[in-house]
Amino acid sequence: MDKLACYRQLIRQVLEPYSQMKPANGEIEVYKCFDTESDRYQIFHAGWDGNQRVFGALIHIDLIGDKIWIQYDGTEVGAANELVELGVPHQDIVLAYHSPFMRQYDGFAVG
């Protein structure tokens, strides 16, 4: 299996369990959006908690070039940590939610 195909599989493996976790409060649905043509992967919530609208990403990951770009990560463990545990090298993961300047200090790829 080539590198990108492997990364696609690992991203789905990391995200799938989050698609099964329904929030405890409110009438909130969990959606998974896996766009394998554009290599964009997202878990997001939409619904209502009482009178409060809830809508937003829990995790958003893109494959750009030959790297995994974590655009947003609202999990406790961290998708990057889970991907590293599955064998993805630090230098192939970009924490895109860090500024380009700060990425040099986070232990992952700069870009």
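Since every read-out is calculated from the coordinates, none of them should be taken as a lab result. No experiment lies behind these values; they were computed from the predicted model shown. So basically every Cβ, Gly included, is an ideal-geometry build from the backbone, and we count neighbours across all protein chains shown.
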*asked:* For the stretch 1-50: of the residues being of a type in the set (Gly, Ala, Ser) and outside any strand (DSSP E or B), which is farthest from residue 93 (Cα to Cα)?
replied: 50
_Checking the structure you have, find out if any residue of the stretch 16-27 is small (Gly, Ala, Ser) and in contact with a Pro (Cβ under 8 Å, 6 or more places away or on another chain)._
no
*Got a sec? Which of 42, 91, 20 is polar (S, T, N, Q) and closer than 18 Å to residue 3 by Cβ?*
91
*Considering every residue within the stretch 62-77, establish whether at least one is acidic (Asp, Glu), within 16 Å of residue 16 (Cβ to Cβ) and assigned to a strand (DSSP E or B).*
yes
*Filtered residues of the stretch 60-111 (kept if surrounded by 13 or more Cβ atoms within 10 Å (Cβ to Cβ) and charged (D, E, K, R))*: 62, 67, 73, 82, 92, 103, 106
*In the stretch 1-58, how many are in contact (Cβ under 8 Å) with a residue 60 or more places away in the chain and more than 15 Å from the chain's Cα centre (by Cα)?*
2
